[in-house]
Amino acid sequence: LTSPYGLFAVMTSYRAEFQVQLSQDGLQWTPLHLKWKPGMLSQRPKQLSPFHSRLDWQFWFASLNPHIVDRWLKSFCHEILENNPVVLDLLGCESFDRPPKFVKIEMLHYRFASVDSMKKTGQYWISEDPVTVFQVSKS
């Protein structure tokens, strides 16, 4: 109450989030939605308490500094390209019949919609246009 001491001493009014997207041709992209992250704008925010989803938490920490992308995130994307069932299970996916040839990470900035806006549109979130952080492809 008297000082801003702690890990989250300053709260932002938006959420910077990474989103994983898959493609066969590098033109048409399909987003993967992590279970505990904002994804679809019309999806009510979820809460997992008293714990955190470790993968979602790591994605959030990586998105705090998008200029320095952790090695684990690029390695994670390469494992998706390799159709690794352990990694796909973390994403809530089953193995692909046709694994993607491209994976990209995009940065999105989410903020809560106003009550009036939510009533009109049915969207809990407002998101700006995404920015591609990096892309990997199957060699």
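The values are calculated or read from the model by the stated rules, or taken from the named source; none is laboratory data. Everything numeric here is computed off the predicted structure, so don't read it as measured data. Cβ: placed from backbone, ideal geometry, glycine included. Neighbour counts: every protein chain shown. Areas reflect the complete protein model, heavy atoms only, side chains present, ligands, DNA and RNA absent. Shrake-Rupley method; radii C 1.70, N 1.55, O 1.52, S 1.80 Å.
Applying a threshold of 6 Å to beta carbon distances and a minimum spacing of six or more residues, or different chains, the list of pairs starting in the stretch 37-49 at a residue that is within 8 Å of Trp125 (Cα to Cα) and ending at one that is exposed (fewer than 12 other Cβ atoms within 10 Å of the Cβ) reads Ser42/Gly122. For the stretch 111-126, filtering for residues that are surrounded by 14 or more Cβ atoms within 10 Å (Cβ to Cβ) and farther than 17 Å from Lys46 by Cα leaves 0. Candidates in the stretch 81-102 are the residues that are open to solvent by less than 40 Å² (accessible area, probe 1.4 Å), in contact (Cβ under 8 Å) with a residue 12 or more places away in the chain and in contact with a Phe, Trp or Tyr (Cβ under 9 Å, 6 or more places away or on another chain); of these, the one that is nearest to Phe18 (Cα to Cα) is Leu81. Put simply, of Ser13, Ser3 the only residue that is at pLDDT below 75 and open to solvent by 100 Å² or more (accessible area, probe 1.4 Å) is Ser13. The strands (runs of 3 or more DSSP E) found wholly in the stretch 27-139 and carrying at least 2 residues that are farther than 18 Å from Arg15 by Cβ and either among the polar types (S, T, N, Q) or modelled with pLDDT of 80 or more (or both) occupy 102-112, 131-137.
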